[in-house]
1. Let me spell out the model: positive unit charges on the Cβ of Lys and Arg, negative unit charges on the Cβ of Asp and Glu, origin at the Cα centre of region 1-93. What dipole size does that give, in debye rounded to 20?
2. Would you mind putting 16-28, 75-87 in packing order, based on average other-beta-carbon counts within 10 Å, highest first?
3. Can you give the net charge of the other residues whose Cβ lies under 13 Å from the Cβ of T159, counting K and R as +1 and D and E as -1?
4. When only the heavy atoms of the protein chains count and the probe is 1.4 Å, how do H141, H91 rank by accessible area, highest first?
5. Would you please give the FRET efficiency between R39 and N89, computed as 1/(1 + (r/R0)^6) with r the Cβ-Cβ distance and R0 = 41 Å, to the nearest 0.05?
6. Hey, how much of the P(r) for region 1-66 falls beyond 16 Å, as a percent of Cα pairs?
7. Of the listed peptides 168-175, 106-113, what is their order by residue-averaged count of other C-beta atoms within 10 Å, with the highest listed first?
8. Please tell me the relative contact order of region 1-48 in percent, rounded to the nearest whole number, where contacts are Cα pairs under 8 Å and at least six residues apart.
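The values are calculated or read from the model by the stated rules, or taken from the named source; none is laboratory data. This is a predicted model, so every value here is computed, not measured. Please note: Cβ atoms are built from the backbone with ideal geometry, for glycine as well, and neighbour counts cover all protein chains shown. Each accessible area value is taken on the protein alone, full model and side chains, heavy atoms only, with ligands, DNA and RNA left out. Shrake-Rupley method; radii C 1.70, N 1.55, O 1.52, S 1.80 Å.
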Amino acid sequence: MKLSPMKYKNYTWPHNPRVYTIDYQRQVAVDKVPFGVYRLQDLGRTRRVMRGEGEFVGKNAYAQFGALANVFYREGPGKLIHPLWQTANAHFVELRLKQEPRPDYVSYSFTFWEDLGCYDGKLKEVAQKAQQSEQQDGVVHTVVKGDTLWAIAKRYGVTLEQLLKKNPDIKNPNKIWPGQKVVIK
């Protein structure tokens, strides 16, 4: 089976890398609770990490590696087109020369991180929707690491008792966790 060549931005591999890997990652938080018990909280999927290894062979091997290195030095994400993976918007985050280069042989590895484009408008969209929801429903605070209910109450100028009345789902005022929503008003 003949595969189409791998491409990134304006660079096309003369022949595809010999090894590919893709890592799917999920962020999970662990909260310790009394008596040796813990609770896991799924914080969601994170980026895909795409790696590969290959060689450039022939009289222009080092020139090919140099051309790939020039693409690495260009900032910002680009379109990564792979013969088997789905096309992704990705950042070129690592390029490694794996041996002493010879004029006719270069061994290398690379790493790309998927970019979902949250900073080119989507994040603003999500933030605007959250802000509209808060304006309709009142003020809502999202707990971050280190927050306490007492500190949140003080920040918004309400009493701890008022917070507990607005948040009947909080049974223990000493147990809140990052990502939890606390209704203020």
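1. On the way: 14 positive and 6 negative charges, 39 e Å.
Dipole magnitude for region 1-93 comes out near 180 debye.
2. On the way: 16-28: 11.8, 75-87: 14.4.
In decreasing order of mean packing, 16-28, 75-87 become 75-87, 16-28.
3. Values: positive: K154, R155, K165, K166, K185; negative: E161.
That sum, taken over residues with Cβ under 13 Å, equals +4.
4. Order by accessible area, largest first: H91, H141.
5. Working: r = 35 Å, r/R0 = 0.84.
Efficiency at R0 = 41 Å is approximately 0.75.
6. Details: 1440 of 2145 pairs.
When every Cα pair of region 1-66 is considered, 67 percent fall beyond 16 Å.
7. Values: 168-175: 10.5, 106-113: 19.4.
Listed from highest to lowest mean packing, they are 106-113, 168-175.
8. On the way: 50 pairs, mean separation 13.9, N = 48.
Result for region 1-48 is 29 percent.
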